[in-house]
1. Please tell me if Arg183 is within 30 Å of Val39 (Cβ to Cβ), in the same structural domain as Gly232 (by TED's automatic domain parsing) and either touching a His at 6+ places or on another chain (Cβ under 8 Å) or basic (Lys, Arg) (or both).
2. For the range 202-219, give me each residue that is under 22 Å from Ser51 (Cα atoms) and either part of a loop (DSSP other than H, G, I, E, B) or of a type in the set (Asp, Glu) (or both).
3. Name the residues in the range 64-84 that are assigned to a loop (DSSP other than H, G, I, E, B) and crowded, with 23+ Cβ neighbours inside 10 Å, would you?
4. Report yes if Asp293 is crowded, with 18+ Cβ neighbours inside 10 Å, in contact (Cβ under 8 Å) with a residue 24 or more places away in the chain and among the acidic types (Asp, Glu), otherwise no.
5. I'd like to verify a number: residues in the range 220-240 that are in a loop (DSSP other than H, G, I, E, B) and closer than 26 Å to Asp44 by Cα, how many?
6. Quick test of your reading of the structure: Pro4 fulfils all but one of (1) under 18 Å from the mean Cα position of the chain (by Cα); (2) in a loop (DSSP other than H, G, I, E, B); (3) surrounded by 14 or more Cβ atoms within 10 Å (Cβ to Cβ). Name the failing condition by number.
7. Can you pull out every residue in the range 199-223 that is under 16 Å from the mean Cα position of the chain (by Cα) and either under 12 Å from Arg102 (Cβ atoms) or not assigned by TED's automatic domain parsing to the domain that holds Val182 (or both)?
Amino acid sequence: MADPRFYSVAEPRSLRDLAAIAGAAIADEAAAGRLIRDVAPLQDAGPDEISFFDGKKAYRDAYLGSRAGACVVDASDREPPSSDMVLLAVDDPHLGYARIARAFYPSLDDSPAVQTEAVDPGARLGPGVEVAPGAVIGPGAEIGAGSRIGANAVIGPGVCIGDGGRIGPLASVRYCLAGDGVRIAAGARIGEDGFGFALGPEGHVKVPQLGRVIIGNGVEIGANTTIDRGSGPDTVIGDGVIIDNLVQIAHNVRVGRNSIIVAQVGISGSTTIGDNVVIGGQAGIAGHLVLGDGVRIAAQSGVMTDIPAGATFGGSPAVPQKDWFRQIAMLRRLTKKNLDDR
């Protein structure tokens, strides 16, 4: 379920109600009265929660092993992976799930109606915390000992920052749990909405983003970098990661320990980056990929496939480094020959 520090779920609903909301058919009508209390990712869902599976190969194992009490699936999917899961069949599972999630979370406005003090009385500040003028710290936030919050920074409700944190001026941190020694530079945006929409016949349906950003110990995040919160699973930044300025990390991305991400990199949703990975400036990483431990990506590369551990890739589309160098050499030879023949 979504973290109650950040999200408030609506009342439970029956599968009959949820099927009507999603425009789905219930595979087992005898279960139509079963109450569902929340939405959850396939790998985390329990017997009183509903998830969705759109048939993508990357999520089949999670679907087959899921403990979800119900799942929104494609109309062609007839057999549930277990007798405990009820299927809601619909033409577009992602759209059906989006409608259900919005019913459970009709409003995600986490701002209190009135916050009369810059540091909310319900926030907890450890010893030696320094708060610069103009900074706002929301209710339920926890700031560890010796941390510094820069001028006009915003720390949202429920956010936890460990000891020795440094939050730069004009940065905003929401829906986030951060470890010790985290440094977030000026203007960074942590925990904003992920880019989640389901396409429907009447327009786009916003998929509620119900995850968090989890930041490990000793992480550095550069100025004006954006890290979106997860859509259900969390966005996770491992211990010791260094992120340069102007980087975009989308929802559900996982970055392993001690990896380095250089300026203007864009990482699309649900991609997993291993430990000790280095990604050069302006590289673009497509979604739902896996980059193994120790991978190296050259600057301005376009990564569109999984990359095995220890490999070095470059180019667009990115290929192994030796192949990339051969392509460049061949292009130069062809260009020279063409010019010589004129």
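The values are calculated or read from the model by the stated rules, or taken from the named source; none is laboratory data. Fair warning: this is a prediction, and the values are worked out from it, not measured in the lab. Counting neighbours? That spans all protein chains shown, and the Cβs are built from the backbone with ideal geometry, glycine included.
1. no
2. Once the filter is applied, which keeps residues that are under 22 Å from Ser51 (Cα atoms) and either part of a loop (DSSP other than H, G, I, E, B) or of a type in the set (Asp, Glu) (or both), the range 202-219 yields Val207, Pro208, Gln209, Leu210, Gly211, Arg212.
3. Of everything in the range 64-84, those that are assigned to a loop (DSSP other than H, G, I, E, B) and crowded, with 23+ Cβ neighbours inside 10 Å turn out to be Ser66, Ala68.
4. No: the conditions fail for Asp293.
5. 8
6. (3)
7. Lys206, Val207, Pro208, Gln209, Leu210 - these are the residues of the range 199-223 that are under 16 Å from the mean Cα position of the chain (by Cα) and either under 12 Å from Arg102 (Cβ atoms) or not assigned by TED's automatic domain parsing to the domain that holds Val182 (or both).
Conditions (1) more than 21 Å from Pro106 (Cβ to Cβ); (2) not β-branched (Val, Ile, Thr), marked per residue:
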| position | (1), (2) |
| --- | --- |
| Ile21 | no, no |
| Arg37 | no, yes |
| Phe53 | yes, yes |
| Arg60 | yes, yes |
| Ala70 | no, yes |
